[in-house]
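Participant: My structure is below; once you've seen it, I'll send some questions.
The values are calculated or read from the model by the stated rules, or taken from the named source; none is laboratory data. The shown structure was predicted, so the numbers you read here are calculated from the model rather than taken from an experiment. Heads up, the Cβs are rebuilt from the backbone with ideal geometry, glycines too, and the neighbour counts pull from every protein chain shown.
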Number of protein chains: 2
Amino acid sequence: MLHAIVMAGGAGTRFWPASRAALPKQLLALAGTKTLLEDTIDRLDGLVPPDRTMVVTAARLLAAVRQQLPLVPASGLVGEPCKRDTAPCIGLAALLVSRHDPDATMAVMPSDHVIRPAEKFHEAITLAAEIVAASPGRLVTFGIPPTYPAESFGYIQTGEPIAPPAGTASSAKVHRVASFKEKPAASVARDYLAAGGYLWNAGIFVWKARTILDALAAHEPECLARLEAIAAAWDTSRRDDVFAQEFSAIKGTSIDYAVLEKATDVAVIEAPFSWDDLGGWSAVARQRGVDGAGNTVVGRHLGIDSTGTIVHSDDHHLVVTMGLEDMLVVHTSDATLVAARSHEEAVRKVVAELEKRGWVEYL
Amino acid sequence: MLHAIVMAGGAGTRFWPASRAALPKQLLALAGTKTLLEDTIDRLDGLVPPDRTMVVTAARLLAAVRQQLPLVPASGLVGEPCKRDTAPCIGLAALLVSRHDPDATMAVMPSDHVIRPAEKFHEAITLAAEIVAASPGRLVTFGIPPTYPAESFGYIQTGEPIAPPAGTASSAKVHRVASFKEKPAASVARDYLAAGGYLWNAGIFVWKARTILDALAAHEPECLARLEAIAAAWDTSRRDDVFAQEFSAIKGTSIDYAVLEKATDVAVIEAPFSWDDLGGWSAVARQRGVDGAGNTVVGRHLGIDSTGTIVHSDDHHLVVTMGLEDMLVVHTSDATLVAARSHEEAVRKVVAELEKRGWVEYL
């Protein structure tokens, strides 16, 4: 059976002050009226039922996640006691779903990307599930055709085409993965686009739980042993203690680095859906579009001679802008950010600076 | 005896959203830790006692004014039922002080200017009082040596020098007023500065109550008649009714236009104090100075690559600026203004636009 594993532990410091330690990006309605996490769960409707959906988040976010996802059973919400990147997260999820479904297929996905339309997403995930049904040892990834030489994504170099499974309804292209490339410098990214045959790594995966566990056994045996200890204690009163103790002892590492880059049978599906990882406020503007004056506005705004400006507030707090060009104004109840959009990448610096100053109430 | 008449009815739309209909400029601590009104009253300490100080404000501001000025007796606070410019305000004050002190000398001053130091202000007002003691029919104004060709002030053209009263301690220059000039165009203002002999009209006046009442009788008899009706009812239960009815029936006009421009015996004292009418946020920056990064900050601010920027918030709400140059950020609990300082003059437009949209809760 197909299970969905939604990774919702991200911090999202690029959206400060809208995003906070206690309210990261995936819990915000940045691209529409629903939060990115709600959108991610809604997108599964008709593909995976809520009782086969697992959301893995940080322990301190569990209450907020539960509030946003009333349909996902409490047993499907996992709160990591600390951050250990994607490999431990995915390994634990694989162990937990295997308890009741040893032949489980897992669709693993981030909770903070914008993917549209849901139908094309269903088509692609279904194709991936068909591929692993036919080739159970195969790991399936998703690649996005690059539209610019992004430095902030990993790249997948495609190898030879793989014939689609018999009877599939999807016409999406499938290739073997020739290699994974880490986030490249700008010049390298330009070379990739010029050469062709490179896709952005969307961080979405489909595989048998058993296959990824075998891979972890081969490449990260200590990690897997600790995850197995946690899974063994899962249905006991010792769960929280063992989870905290064993998980914190694991060395954090990404599934890409731990497994995918070393695996021999990896396929990549060229995504038939539109995808945006919403890496900053300009991505929000791209998703929401602009008004007649060229501004992107959430909340109550009065603009006079302002253009190219992103305003994010709420309906009660009025933001007035005058003579702004390509600026960013984010208002929250206790903190306001005003920045040149040229400094968007540096928003993360703010969080570091706040920590340095001990102004922790704004984190 | 010398009485102080402090005019505190201004609206101050240039400081929105810090200033509001219910909290105009003079009630804000724009230039220091005290409000401009508090500073104005403090400045009188040692010159005029609180029981000879009258503050004329708008009726709707009376409670706020009373809160800021615990030392001024309630009988010294006058709340105009509507706005009628300076002539009716000053005429009424002259009638009210004359009731108990028919030979009263009045020092009339705005409540929203920055004047320093108090000693030099005392010296100048004392000199003016000495002048009207020696020449009771004389109206005394104060002129500020212009430092740039301002278009936002009226100008006073000086005439022949007037010898200082015998025994005065002040060495300030005194002239006859040759003429009053309305706010000039830039080119005219430049001509004034090039020619010399022009001063900015500070809107501060010293005269006998009797003298200004005589002038109003000559030039604004209808206005004076209505003011006399109000004064006659002042100590009766009909005060509020008569005040509202008669005052609203008066045609608003400035004391400059109604009297000063027509009077023959007007002197101007060249102010020995520094003066700023605080006409906008840049004046606030001028008064407060800038920090090491070239920004003027009130409240809690974290600036990254920002300069020439004015930030006005409070100690609880954090404002972070990144990459700003010559901007203005004013945060209040329900509205935030972000503007290029080049648009400072247009802040008043915001108030007009809010009225147009019916967003009256922000006025």
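Participant: Would you confirm whether any residue within segment A:172-192 is closer than 19 Å to A:Met7 by Cα and in contact (Cβ under 8 Å) with a residue 60 or more places away in the chain?
Facilitator: The answer is no, given that none of the residues of segment A:172-192 is closer than 19 Å to A:Met7 by Cα and in contact (Cβ under 8 Å) with a residue 60 or more places away in the chain.
Participant: Whether any residue in segment B:175-198 is of a type in the set (A, V, I, L, M), under 30 Å from B:Gly32 (Cβ atoms) and outside any helix (DSSP H, G or I) is what I want to check.
Facilitator: No: zero hits.
Participant: Name the residues in segment B:152-195 that are among the charged types (D, E, K, R) and buried (at least 17 other Cβ atoms within 10 Å of the Cβ), would you?
Facilitator: Those that are among the charged types (D, E, K, R) and buried (at least 17 other Cβ atoms within 10 Å of the Cβ): B:Lys173, B:Lys181.
Participant: Continuing with this model, one more query. Would you call A:Gly196 touching a strand residue (DSSP E or B) at 6+ places or on another chain (Cβ under 7 Å), assigned by TED's automatic domain parsing to the domain that holds A:Ile131 and without any contact (Cβ under 8 Å) to a residue 24 or more places away in the chain?
Facilitator: no
Participant: Next question. For A:Val259, are the conditions met, namely being away from chain B (no Cβ under 14 Å), over 25 Å from B:Tyr362 (Cβ atoms) and in contact with a helix residue (DSSP H, G or I) (Cβ under 6 Å, 6 or more places away or on another chain)?
Facilitator: yes
Participant: Based on what the data block shows, is B:Leu318 within 21 Å of A:His301 (Cα to Cα), touching an Asp or Glu at 6+ places or on another chain (Cβ under 8 Å) and more than 8 Å from chain A (Cβ to nearest Cβ)?
Facilitator: no
Participant: Could you list all residues from segment A:256-307 that are in contact with a Leu (Cβ under 8 Å, 6 or more places away or on another chain) and basic (Lys, Arg)?
Facilitator: Of everything in segment A:256-307, just one residue is in contact with a Leu (Cβ under 8 Å, 6 or more places away or on another chain) and basic (Lys, Arg), namely A:Arg300.
Participant: Then there is this: Take the residues of segment B:222-264 that are of a type in the set (D, E, K, R) and within 24 Å of the chain's Cα centre (by Cα): which is nearest to B:Pro81 (Cα to Cα)?
Facilitator: B:Lys251
Participant: For segment A:69-82, does any single residue satisfy the condition of being surrounded by 20 or more Cβ atoms within 10 Å (Cβ to Cβ), farther than 21 Å from A:Val242 by Cβ and either hydrophobic (A, V, I, L, M, F, W, C) or in contact with a Pro (Cβ under 9 Å, 6 or more places away or on another chain) (or both)?
Facilitator: Yes, segment A:69-82 contains a residue that is surrounded by 20 or more Cβ atoms within 10 Å (Cβ to Cβ), farther than 21 Å from A:Val242 by Cβ and either hydrophobic (A, V, I, L, M, F, W, C) or in contact with a Pro (Cβ under 9 Å, 6 or more places away or on another chain) (or both).
Participant: For B:Asp315, indicate whether it is over 30 Å from B:Ala134 (Cβ atoms) and either outside the structural domain of B:Ile131 (by TED's automatic domain parsing) or among the hydrophobic types (A, V, I, L, M, F, W, C) (or both).
Facilitator: yes
Participant: Within segment B:329-338, identify whether any single residue is farther than 22 Å from A:Glu325 by Cα, out of contact with any strand residue (DSSP E or B) (no Cβ under 7 Å at 6 or more places or on another chain) and polar (S, T, N, Q), and answer yes or no.
Facilitator: Taking every residue of segment B:329-338 in turn, at least one turns out to be farther than 22 Å from A:Glu325 by Cα, out of contact with any strand residue (DSSP E or B) (no Cβ under 7 Å at 6 or more places or on another chain) and polar (S, T, N, Q).
Participant: Among the numbered criteria (1) assigned by TED's automatic domain parsing to the domain that holds B:Lys183; (2) surrounded by fewer than 17 Cβ atoms within 10 Å (Cβ to Cβ); (3) out of contact with any helix residue (DSSP H, G or I) (no Cβ under 8 Å at 6 or more places or on another chain), which one does B:Ala293 miss?
Facilitator: Exception for B:Ala293: condition (1).
Participant: Looking at segment B:54-63, is at least one residue closer than 26 Å to B:Ala129 by Cβ, free of Cβ contacts under 8 Å to residues at least 40 places away in the same chain, surrounded by fewer than 17 Cβ atoms within 10 Å (Cβ to Cβ) and over 16 Å from the mean Cα position of the chain (by Cα)?
Facilitator: No: zero hits.
Participant: Taking segment A:66-92 on its own, how many of its residues are part of a helix (DSSP H, G or I) and in contact with a strand residue (DSSP E or B) (Cβ under 9 Å, 6 or more places away or on another chain)?
Facilitator: Residues meeting the conditions: 8.
Participant: Take the residues in segment A:2-41 that are β-branched (Val, Ile, Thr), buried (at least 23 other Cβ atoms within 10 Å of the Cβ) and within 28 Å of A:Val290 (Cβ to Cβ); name whichever of them is farthest from the other protein chains (Cβ to nearest Cβ).
Facilitator: A:Thr40
Participant: How many residues does segment A:234-256 hold that are farther than 30 Å from A:Val140 by Cα and touching a helix residue (DSSP H, G or I) at 6+ places or on another chain (Cβ under 6 Å)?
Facilitator: 1
Participant: Still on this structure: When only residues in segment A:325-344 that are out of contact with any Ser or Thr (no Cβ under 8 Å at 6 or more places or on another chain) and surrounded by fewer than 19 Cβ atoms within 10 Å (Cβ to Cβ) count, which is farthest from the other protein chains (Cβ to nearest Cβ)?
Facilitator: Residue satisfying both the conditions and the ranking: A:Ser333.
Participant: Any chance you could count how many residues in segment B:203-221 are within 25 Å of the chain's Cα centre (by Cα), surrounded by fewer than 19 Cβ atoms within 10 Å (Cβ to Cβ) and not small (Gly, Ala, Ser)?
Facilitator: 3
Participant: Now for a different question. Taking segment A:345-358, which residues are more than 7 Å from every other protein chain (Cβ to nearest Cβ) and either more than 14 Å from B:Arg300 (Cβ to Cβ) or not in a helix (DSSP H, G or I) (or both)?
Facilitator: A:Glu345, A:Val347, A:Arg348, A:Val351, A:Ala352, A:Glu355, A:Lys356, A:Gly358 - these are the residues of segment A:345-358 that are more than 7 Å from every other protein chain (Cβ to nearest Cβ) and either more than 14 Å from B:Arg300 (Cβ to Cβ) or not in a helix (DSSP H, G or I) (or both).
Participant: Check B:Ser306 against each of (1) at pLDDT below 95; (2) crowded, with 21+ Cβ neighbours inside 10 Å; (3) within 12 Å of chain A (Cβ to nearest Cβ) and name the one condition it does not meet.
Facilitator: Going through (1) at pLDDT below 95; (2) crowded, with 21+ Cβ neighbours inside 10 Å; (3) within 12 Å of chain A (Cβ to nearest Cβ) one by one, B:Ser306 breaks only (1).
Participant: So which residues in segment A:98-141 are among the charged types (D, E, K, R) and touching a residue at least 24 places away in the same chain (Cβ under 8 Å)?
Facilitator: A:Arg99, A:Asp101, A:Asp103, A:Asp112, A:Arg116, A:Lys120, A:Glu123, A:Glu130, A:Arg138 - these are the residues of segment A:98-141 that are among the charged types (D, E, K, R) and touching a residue at least 24 places away in the same chain (Cβ under 8 Å).
Participant: Another question, if that's okay. Please determine whether any residue of segment A:248-255 is in contact with a Leu (Cβ under 7 Å, 6 or more places away or on another chain) and either assigned by TED's automatic domain parsing to the domain that holds A:Glu80 or without any contact (Cβ under 8 Å) to a residue 24 or more places away in the chain (or both).
Facilitator: Checking segment A:248-255: not a single residue is in contact with a Leu (Cβ under 7 Å, 6 or more places away or on another chain) and either assigned by TED's automatic domain parsing to the domain that holds A:Glu80 or without any contact (Cβ under 8 Å) to a residue 24 or more places away in the chain (or both).
Participant: Of the numbered conditions (1) over 26 Å from A:Leu354 (Cα atoms); (2) touching a Lys or Arg at 6+ places or on another chain (Cβ under 7 Å); (3) within 7 Å of chain B (Cβ to nearest Cβ), A:Thr296 fails exactly one; give the number of that condition.
Facilitator: (3) is the only condition that A:Thr296 fails.
Participant: Taking segment A:1-23 on its own, how many of its residues are assigned to a loop (DSSP other than H, G, I, E, B), of a type outside the set (A, V, I, L, M) and in contact (Cβ under 8 Å) with a residue 60 or more places away in the chain?
Facilitator: The total comes to 5.
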